[in-house]
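Report on the following structure.
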Amino acid sequence: MNETVTGATGETTRTTRPQPGPWRRFVDAVDERMGIRALEYPVPEHANNLGWSLGALTGVSFLVLLVTGIYIGQFYSPMPEDANQSVRDLVTNVWLGGFARGLHFWTAQAMFVLAVLHMLRVFLHGSFKKPREGNWIVGSTMLLLTFLAVFTGTVLKWDQEGFEALLHNLDVAELLGGLGVWFTGGLTDRVPILFRLYTAHAVILPGLILVLFVLHALLVKRHKISPHPSIPHPEAEEPEPFTNHLKRAGAFGLVLVGGLSLLAVLLPPVLGPQPVEGIEVTRPLWFFWWFFPFEEWFGVASVGIVMAVVFGLLYLVPFLYRSPRRHWRDRKISMGVVLVILLALAAISINVWINNPRGH
Ligand code: HEM
């Protein structure tokens, strides 16, 4: 491209600038219409690693769940008389049906684990402190919704494990009194509760997570990524455009999806026969195990109380730890509390794994 430049003394020279390549022209054209260059805002150097990409990996998992969920949803029947058989048919008769189901199953657990790890990273670096308290609350709500999505998902296959999960649903409903009617078959005679749980699993919960995710991401952009507590002079860091951060997170995401695909092939989720009413014999998915002792000691309804206490405390975190100290060395008590909670959860789960091999 030729360009005429006028110098300080009035003389003019013609310079040649290289033509932008087709990719650059494409990006320019899209940017002109959609403003995508707004994504090139600076992200600090310290955020370009795995620890600070755990939120993005949680987002990647959510995306995989949406895609696989849409696919398996084409073949699933949420009617109690048909649900179990429709999953069986999905696995045996549908092209990539077993793989899509396996990937959905493993990714759901990965999303929950990644969200918890991301939360621990945020806690460790004090990233939830002023002005990010609101985003901690948005994140906690997404974690709760993710938990509920996994729970409703286990009911859908309508085998013994799914049926027993539903029984817990009914017990928690009783605990909620009048408000709990939504969780029972008592809301309406016409629509089976399995169908309504399916609506929650496939539409309501992912829809809410999506809306909250947009808010979460907008708040991250507004407050900027939190400073690293071990870096005293953030201005010395060399920021990179967010698009580079996205590329790195995308590479981590590919490794994640590869690993989960392997799991889907090597360890496909089991599917039991149609459920038998009135018995409680199965051991639920591992991340419900920490409920076991409470159930044994205080009855099934305690599951609802334990959930309320755990998530209630999670919501209170930014208000309980208000000091501006961010480095973990200056927050030994809070680090100790979290460590004790994590060790207790691990000990309970290992105990259930060893002593309740089949159920309770
Ligand atoms: C469940 C799905 C979640 C998704 C998809 C998600 C996604 C993200 C992403 C992409 C970021 C940007 C930086 C980073 O990765 O560290 C972020 C930051 C943040 N998240 Fe989450 N998150 C989720 C859950 C949570 C939870 C459970 C909490 C806390 C209870 C939380 C609290 C925060 C906070 C406070 C920030 C700002 C951190 C900073 O500036 O360093 N998020 N989240």
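Rule-based calculations on the coordinates, nothing more; no lab input. If you're wondering where the values come from, they're calculated on a predicted model, not measured in any experiment. Methodologically, a virtual Cβ is constructed for each residue, glycine included, from the backbone with ideal geometry; neighbour enumeration extends over all protein chains shown.
For the range 175-303, the convex hull drawn through the C-alpha positions has a volume of 247 cubic angstrom per residue.
Using only Cα positions of the range 85-226, each an equal point scatterer, no hydration layer, compute I(q)/I(0) via Debye at q = 0.10, 0.13 Å⁻¹ and quote the log10 values to two decimals. So the normalised log intensities work out to -0.45, -0.72. With contributions of -39500 (n - 2.57) from each DSSP H run of at least four residues, the per-residue ellipticity at 222 nm computed over the chain stands at -20000 deg cm²/dmol.
Helix 302-320 axis versus longest C-alpha principal axis of the chain: approximately 30°, rounded to the nearest ten.
If the segment from Val113 to Leu339 were pulled out straight at 0.36 nm per residue, it would be longer than the present Cα-Cα gap by 79.7 nm. Ranking Ala149, Val181, Gly55 by Cα position along the charge dipole of the range 46-285, where only Lys, Arg, Asp and Glu carry charges on their C-beta atoms, puts Gly55 farthest toward the positive end. For the chain, the longest principal axis of the alpha carbon atoms and the long axis of helix 160-175 meet at an angle near 90°. Listed by chain and number, the lysines whose alpha-carbon sits under 20 Å from that of Lys129, ignoring those within fewer than 8 places in the same chain, are Lys221, Lys224, Lys332.
When each of the peptides 43-52, 141-150, 183-192 is scored by the mean number of other C-beta atoms lying within 10 Å of its residues, the order from highest to lowest reads 141-150, 43-52, 183-192. For the range 270-360, the pair-distance distribution built from all alpha carbon pairs, in bins 5 Å wide starting at 0, is 3, 10, 16, 19, 16, 12, 9, 6, 4, 2, 2 percent.
Taking amide H positions as placed in the peptide plane 1.01 Å from N, state which residues far from Glu240 in sequence (5 or more) or on other chains have amide H under 5 Å from it. Those lying under 5 Å, H to H, from Glu240 are Val43, Glu45. With the charge dipole of the chain set up from +1 on Lys and Arg Cβ and -1 on Asp and Glu Cβ about the Cα centre, the Cα lying farthest toward the positive end among the listed residues His118, Val303, Leu342 is that of His118. For helix 97-124, report the angle its Cα long axis makes with the longest principal axis of the Cα atoms of the chain; keep it between 0 and 90° and round to the nearest 10°. Roughly 70 degrees between the two axes.
Sorting the segments 296-306, 100-110 by their residues' average number of neighbouring beta-carbon atoms within 10 angstrom, most packed first, yields 100-110, 296-306.
When ranked by the protection proxy of mean other Cβ atoms within 10 Å per residue, highest first, what sequence do the peptides 165-172, 224-231, 21-28 form?
Working: 165-172: 19.1, 224-231: 16.6, 21-28: 10.4.
In descending order of packing, they fall as 165-172, 224-231, 21-28.
Given in Å, the Rg to one decimal and the Dmax to the nearest whole number for the Cα atoms of the chain are 25.1, 96.
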